[in-house]
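The values are calculated or read from the model by the stated rules, or taken from the named source; none is laboratory data. Small disclaimer: the values here were computed from a predicted structure and weren't measured. Using ideal geometry, Cβ is built from the backbone for each residue, glycine included, and neighbour counts are taken over all protein chains shown. Note: areas computed on protein heavy atoms with side chains; ligands, DNA, RNA excluded. Shrake-Rupley method; radii C 1.70, N 1.55, O 1.52, S 1.80 Å.
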Amino acid sequence: MQLTNLQLETYLNDFLQSDKVRDYCPNGLQVEGRQSVQRMVTGVTATEALIDAAIEHQADTVLVHHGYFWKGENAQIRGMKQRRLKKLLSHDINLLAYHLPLDVHPDVGNNAELAKRLGIAVQGGLEVGNPFSVAMYGEFTTPYANLASLGQHIETVLERSPMLIEGHDRPIKRVGWCTGGGQNYIELAANAGLDVFISGEISEQTVHTAREMGIHFVAAGHHATERYGAKALGEHLAEYFGLDVTFVDIDNPA
């Protein structure tokens, strides 16, 4: 039986429990293309470069973490937005996007995948009472003597030099993290008594919070911390449905 775009969307909505996660964009099939799904390109963000790669791969579907139609954005279809949508529509390519549901999935989510790579044993969510907490906490399977040694480990794994903000001089065992733009969870992490909080981005006030609340902070790159969820989800779909899936990493230093 041939898999259709709507069948794929239904499966992903159920697998990622997207209806249970409050978000800033529509999750699921954002742009409808051809009905039959056989060849897919996955990536972090639905940039024009990723769409070009999908066209080159003769893909019928693109699956990403960062799609379109964000809350509060200008609704006009012009400029960059027009070029992206025109290429998808003219080549009859489906665009599926899952934002927070892909961050929080316990098996293929961005947080789960980052934890696997950094050697973190997941213990739970930082947001008490929220079963879909975007920020997580756990423990390193191998503690670190200082922030510099942890930073070197992260740089080796993510192939990016992270920004390190020191908050204390204790060994590092207990860790909180949130991939992407999760720096605002640092106070929750500090109040939970964690040694370090890792995210993708950093804000001006994050530095002061880390220093004054006695917690290390690591900004490891939004793209670098979120490269793995879409890739893992694509690999799952390739195995489950027998799809031809290619992950394309469009480099982004931010």
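Quick look at the values:
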item: Among residues of region 162-191, those that are over 19 Å from N110 (Cα atoms), without any contact (Cβ under 8 Å) to a residue 60 or more places away in the chain and either part of a helix (DSSP H, G or I) or of a type outside the set (D, E, K, R) (or both), counted; result: 10
item: Test: residue in region 122-139 that is assigned to a helix (DSSP H, G or I) and open to solvent by 20 Å² or more (accessible area, probe 1.4 Å); result: no
item: Within region 198-247, tally of residues that are out of contact with any Asp or Glu (no Cβ under 9 Å at 6 or more places or on another chain) and either open to solvent by 10 Å² or more (accessible area, probe 1.4 Å) or in a strand (DSSP E or B) (or both); result: 20
item: Condition met for P106 (buried (at least 16 other Cβ atoms within 10 Å of the Cβ) and of a type outside the set (F, W, Y)); result: no
item: Failed condition for Y144, given (1) farther than 30 Å from L16 by Cα; (2) of a type in the set (F, W, Y); (3) open to solvent by less than 10 Å² (accessible area, probe 1.4 Å); result: (3)
